[in-house]
Every structure is written in structure tokens, then in C-alpha cells.
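Shown next, in C-alpha cells, is the structure this report addresses.
The values are calculated or read from the model by the stated rules, or taken from the named source; none is laboratory data. Bear in mind the structure is a predicted one, so any value in this text is a computation, not a measurement. Because the Cβ atoms are built from the backbone with ideal geometry, glycine has one as well, and the counts that use them run over all protein chains shown. The protein model used for the area step is the full one, side chains on, heavy atoms only, and it has no ligands, DNA or RNA in it. Shrake-Rupley method; radii C 1.70, N 1.55, O 1.52, S 1.80 Å.
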Amino acid sequence: MDLSFLRPLYERPGPYVSIYLDMMRTAEDSSKLIELRWRALREKAAADGAPREALAALDDLVREHDERRTSGGLTAFATDAGVVLSDVRDAPPVAEQVHYGPLPHVMPLLAGGPEPLPYLVVVADRQGAEITRVGRDRTRRTTEVRPENEFPIRKPHGGDLNQSRMQRAAEDTWRANAKAVARTVDEQATREKAAVIVLAGDPQARSAVLDELSKPVLARTVESRHAEGAPLAEEVERAVELAETENLTGRVERFERERGEGGRAVTGLTAVTEALRRAQVDTLVIEDHPESTDRLWFGPAPTDVAASAADLRAVNIAEPEQDRADAVLARALAQTGAEIVVLSEEGPPLEHGIGAVLRFAA
């Protein structure tokens, strides 16, 4: 998982209030239940020392999402300067919780399922296409591709010479419009780093667009015979889920290869911490253990990570801080451009439930 979306969290000084709130609306009095659930989390955060300014900002955010009634689960991170980052999901969190500490508690968010991947949905006809881009944060943007040639679109029936010319003209029009669609799909798929492109709509238009797509984009394209509604939505969901699963599997397989023959992998909290201090980690592989009591120390820089305060003081960090190990690791990963794979089910055996693929051998 690309952690660049977390960087704003580490550009603000903590401490942080982190909340994971169930906002499912399954009863007539759902708003009241949400209010009670939030009040319980709020009281715990206040008892732990959370500042009033952070809690007031979260009050406003919870109220806003309750009024909009669009979220099943709300995750948010706030300091005394306000809410820094929030995330909404269709499903509620696995466990409601609040955490107050020096760093944001992001692991439950990262462990919420496979990494969301960007994708495109292209509904083509003989005049152009409608292209919907869906980002990692599931925001949707739509582009209309207008026809370069509007006439003729349909082939005439019959067999005289004039009709033959009209048929060829119609075919030329389809091909020109398909090229315009394919060119736009190529550009958007490349720019958005789309993991999958679902191509739907008119069968002949689909075929013409497929003929014009670049090979890299074509390799990530899936056809759908549906053009709209629930059947298309279901096919899109299946294609995206398959891409996300293959992405996760591929990253785990890479770790196992590097640990075996490649030699660019380590396991264990100590080895991973040392690799992070050298900005050596490319991808962290970690088991999800919410009950973990592991702690790490950190300093101002992303690579100021250590098992003890003395290790950081030895490199002239006067006031190291301590927090959950997974929170410290996530901060280092996000700020050094590394990625993370969170294993919620059985995966490769890992010392202390953690390992890393390295950018370079030690």
C-alpha cells in the first residue's frame, strides 16, 4: 500500500487523537446511537488528556457525517489545530476505538482490507465514450469523449455503389472515434496508474477501442457486455477485487523470493528498525496484531527510529518520544516513500510478525 496519503499527518506536530467510529444507520434512532457511541469514545479521549480543541473539531466532523448519512465507518485524526485527515468507508470499523498519543494510530486504517487501487470504467458507443476515473480514495470523476466525426455513424442497407461508399465512411467514422477514445483512455490510465480498466458498452465500439489501446493498458483491460446499472457495477466490483487480491499476492510473493534467493529481505522488529534507520526499506510486510504492546522510540527525522531512547540520544536526539511500534513504523514508511502490506490472514512465517523487502542489500 502506498502511504503517501498519510504524509499530511506527519507534517503537523502531535499529539494526535485517532478515532474509528461505527456510523452505520440500521435503525430509526441511528443518529442517537451514533451520538452515544461517539460520546463514549470522546470521554475516553478526554480522560487520556486529549485537548478540547481536537475533540471539538471531531465533534463537528462526526455531526457533519451523521447529517450527510453517507458513511458506514469514519476514521479521523486530529490535533489541537483541528482535523488533519479523515477517511470514510462503506463498512464500519472492525472495532470502534480511540487513541491519544504522540503519533496518529493508523494501523486499523491500513488493516481495513486490500489496498484500494485506482481504476477506470469506460462505456463506449460509436460516437465516443463516457470515462469514469475512480481514485484510491474512491473519488469519482467523469470525462465525456466527444466524436471527432459525427457523420455517418450507421451503415446504410442495400448494395449499390453509393451505399458501399457510405458503409466504408461509417466504418472510418467508428475507427476515428475509437482512436479518440483509446487515446484518452491511455492518457488517463497512465496518469492515474489505473490497476484495471473495465470497458463496457456497444460491442462493435468495444472491439474498435480494444484494437487501438496501447499494449500496457490493454493488458489491464477487462471487457463487460453490460452498459449500465447493477450488472455493470457488479462486474466492475469483481474486476477491482481481483486486481486488489492479485496486487497483495504479488507483494507477498516478492517478499518470499527476496528472503530466499534474492537476499534483499529481513525479518524481525530489530532488523526492520535498523533497515528503516538506513532508509533501506522498500516494502514492509506486517501481521495485524491490534493487541500488540510493542513500543519504539522516534525523533524528529523520519529515520529516527530505535528500540531504546539511549540509541537516539547517542546520535544527538535530545528528547526522543515513544509510541506504539506500528505507529512509529508507519510514520517512517510514509516519509521515506516505502510501502506496506498488512497481513490479516495467515501468510509467510515472520519473526515477530514483521519483515521487509529492502531497496538495497546491507
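Before moving on, here are some points about what is shown:
- For the criterion of being of a type in the set (A, V, I, L, M), in contact with a strand residue (DSSP E or B) (Cβ under 9 Å, 6 or more places away or on another chain), farther than 19 Å from Arg331 by Cα and open to solvent by 40 Å² or more (accessible area, probe 1.4 Å), Val252 fails.
- Residue within segment 220-235 that is in a loop (DSSP other than H, G, I, E, B), open to solvent by less than 60 Å² (accessible area, probe 1.4 Å), polar (S, T, N, Q) and more than 27 Å from Arg359 (Cα to Cα) present: yes
- Condition check for Ala54: within 26 Å of the chain's Cα centre (by Cα), open to solvent by less than 10 Å² (accessible area, probe 1.4 Å) and of a type in the set (Gly, Ala, Ser): yes
- The number of residues in segment 318-332 being under 20 Å from Arg264 (Cα atoms) and either at pLDDT below 90 or surrounded by fewer than 24 Cβ atoms within 10 Å (Cβ to Cβ) (or both) comes to 0.
- Residues located in segment 104-114, provided they are in contact with a Gly (Cβ under 9 Å, 6 or more places away or on another chain) and open to solvent by 40 Å² or more (accessible area, probe 1.4 Å): Gly112
- Entirely in segment 275-336, the strands (runs of 3 or more DSSP E) that have 3 or more residues that are in contact (Cβ under 8 Å) with a residue 24 or more places away in the chain and under 17 Å from Gly355 (Cα atoms): 281-287
- Scope segment 69-82; condition under 17 Å from Asp59 (Cβ atoms) and crowded, with 16+ Cβ neighbours inside 10 Å; matching residues: Ser71, Leu74, Thr75, Ala76, Phe77, Ala78, Thr79, Asp80
Results for (1) modelled with pLDDT under 95; (2) crowded, with 18+ Cβ neighbours inside 10 Å, shown as yes or no for each residue.
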site: Pro102; (1), (2): no, no
site: Ala124; (1), (2): yes, yes
site: Ala129; (1), (2): yes, yes
site: Asp137; (1), (2): yes, no
site: Arg141; (1), (2): yes, no
site: His157; (1), (2): yes, no
site: Gln163; (1), (2): yes, no
site: Ala176; (1), (2): yes, no
site: Arg191; (1), (2): yes, no
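- Qualifying positions in segment 187-204 - assigned to a helix (DSSP H, G or I) and under 17 Å from Thr143 (Cα atoms): Glu187, Gln188, Ala189, Thr190, Arg191, Glu192
- Flag if Phe298 is under 26 Å from Pro8 (Cα atoms) and among the aromatic types (Phe, Trp, Tyr): yes
- Residues satisfying the stated conditions in segment 205-219, i.e. open to solvent by 50 Å² or more (accessible area, probe 1.4 Å) and in a loop (DSSP other than H, G, I, E, B): Ala219
- Only one of the listed residues (Gly49, Gly72, Gly82) is within 26 Å of the chain's Cα centre (by Cα) and at pLDDT 90 or above. That residue is Gly82.
- Members of segment 1-32 that are at pLDDT 90 or above, of a type in the set (A, V, I, L, M) and closer than 22 Å to Gly72 by Cα: Leu6, Val17, Ile19, Leu21
- For Val305, the requirement of being more than 23 Å from the chain's Cα centre (by Cα), open to solvent by less than 30 Å² (accessible area, probe 1.4 Å), of a type in the set (A, V, I, L, M, F, W, C) and over 15 Å from Met107 (Cβ atoms) is met.
- Number of the exception - His105 against (1) in a helix (DSSP H, G or I); (2) touching a His at 6+ places or on another chain (Cβ under 7 Å): (1)
- Where a residue in segment 80-97 is more than 17 Å from Met23 (Cα to Cα) and aliphatic (A, V, I, L, M) and its partner, wherever it lies, is loosely packed, with under 15 Cβ neighbours inside 10 Å and at pLDDT 90 or above, with Cβ under 7 Å and at least six apart: Val84/Pro8; Leu85/Pro8
- Unique match (being among the β-branched types (Val, Ile, Thr) and not in a loop (DSSP other than H, G, I, E, B)) among Val98, Val94: Val98
- Some residue of segment 1-22 being touching a strand residue (DSSP E or B) at 6+ places or on another chain (Cβ under 6 Å), under 27 Å from Pro302 (Cα atoms) and without any contact (Cβ under 8 Å) to a residue 40 or more places away in the chain: no
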